[in-house]
1. Treating the beta-carbon of each Lys and Arg as +1 and of each Asp and Glu as -1, no other charges, what is the dipole magnitude of the chain about its Cα centre, to the nearest 20 debye?
2. Any chance you could count the Lys pairs in the chain whose alpha carbons are under 26 Å apart, treating pairs 8 or more apart or on different chains as valid?
3. Quick one: 3J(HN,Hα) in Hz for segment 135-151, Karplus 6.51/-1.76/1.60 with θ = phi - 60°, rounded, Gly and Pro as x.
4. When DSSP assigns beta bridges and you keep just the ones with both residues in the chain, what percent turn out antiparallel, to the nearest 5?
5. With no solvent and one equal point scatterer placed on each C-alpha of segment 1-124, evaluate the Debye formula and give log10 I(q)/I(0) for q = 0.17, 0.19, 0.21 Å⁻¹, two decimals.
6. Name the residue farthest towards the positive end of the dipole of the chain from the options LEU101, THR192, GLY230, assuming +1 on Cβ of Lys and Arg, -1 on Cβ of Asp and Glu, about the Cα centre.
7. Starting from the amide H of ILE45, placed 1.01 Å from N in the peptide plane, find each other amide H under 5 Å away whose residue is 5 or more places distant or on another chain.
8. How big is the antiparallel share of DSSP beta bridges in segment 140-239, given as a percent to the nearest 5?
Amino acid sequence: KHMRPEGAEAITISVANFKGGVTKTTTAVTLAQGLSLRGHKVLVIDTDPQGSMTTLFGLLPDVDVADEQTILGLCYGSEVSVDYAITPTYWSGIDIIPANLALYSAEFALPSRQKTEGSFEFWNVLNNGIDAARTKYDVIILDTSPSLSYLTINALLASDGLIMPLPPSTLDFTSSGQFWNLFNDLTANLVTNRGKSKSFDFVDVLLARVDANDASSSVVREWITAAYAGMVLPVEIPKTALTASASAEFGTVYDTDPASINARTYRRAYDAYERVVELVEEQINTAWKRQ
Ligand code: ADP
Ligand code: MG
């Protein structure tokens with residue numbers, strides 16, 4: 001069993017890609033639920049002002065979430081730790097720091113702090129802010145917005161692992177290359193709160209929403225495997241009606257009634273996600289050993 005060793009800290013994982021609609025939020029929520037079902041205590045942090053992850057956990061961003069419940073206070077420098085913002089969810093074993101639209105103003109608040117505090121502190125606002133939570137959880141999962149925002153860079157710098165979901169379509173592949181170049185530039189030049197240039201314990205590319213009936217997807221899949229050699233997880237998330245309507249109706253594979261959809265379809269999606277959770281859990285375990 002992979003359990004957090006005594007004294008070890010939570011492993012923090014960002015789910016990121018500049019492109020919208022590549023299944024970042026679906027991946028983040030499913031991973032959180034899968035890991036919690038395996039006994040891990042999980043904190044999810046929504047860093048996307050659109051609040052999709054918040055919505056999937058049953059909170060309406062602009063109705064149920066007060067600005068003080070988001071990481072906005074942290075971005076303005078009014079709090080030293082994110083403890084104040086942690087909210088329980090309906091899902092036992094998962095807490096959330098939700099988001100709402102007000103979080104957009106972090107894109108103005110953060111750069112103004114750069115002038116007074118310098119870039120070293122400024123890029124690490126989230127990294128430092130979640131320190132208090134790292135000893136209370138096994139895993140912290142950050143959902144990010146589809147842009148190279150100050151929040152997204154802060155999320156990346158706070159993370160031990162990165163998961164980049166990538167559907168095998170030509171457009172998604174092309175824009176993933178931009179993300180990848182910027183990501184490498186950033187990580188080479190940014191310095192963490194521990195005074196080292198940023199490195200990750202693991203970086204995974206997840207083939208997502210793979211359409212078995214789309215002939216072109218197998219070509220793009222080969223490009224992806226070549227471009228991201230060694231980083232592509234050996235599992236594919238199939239495109240299914242289940243996950244397509246997930247955000248609106250069902251929730252993820254873990255909180256869907258299998259009777260509500262085609263059983264074979266359900267099984268395929270469920271098994272694929274279980275495999276992802278298993279693979280990520282192994283990487284988490286390795287990262288703990290390294291701490
Ligand atoms: P992002 O956070 O990257 O914008 P989302 O997780 O919101 O992406 O997913 C984008 C859309 O794709 C959503 O409507 C979601 O329900 C759908 N989706 C996610 N995974 C699958 C899948 N395996 N098959 C079909 N549709 C999916
Ligand atoms: Mg999203």
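All of the numbers you see were taken from the coordinates with simple rules; none came from a lab. Because the structure is a prediction, the values reported are computed rather than measured. Reconstructed Cβ throughout: ideal geometry from the backbone, glycine too, with neighbour counts over all protein chains shown.
1. 660 debye
2. 19
3. 8, 9, 10, 8, 9, 10, 10, 9, 8, 10, 8, x, 7, 8, 8, 4, 5
4. Once the DSSP bridges in the chain are tallied, antiparallel ones form about 10 percent.
5. Debye output, listed in q order: -0.96, -1.15, -1.30.
6. Farthest towards the positive end: GLY230.
7. ILE97, ILE141, LEU142, ASP143
8. Roughly 10 percent of the beta bridges in segment 140-239 run antiparallel, per DSSP.
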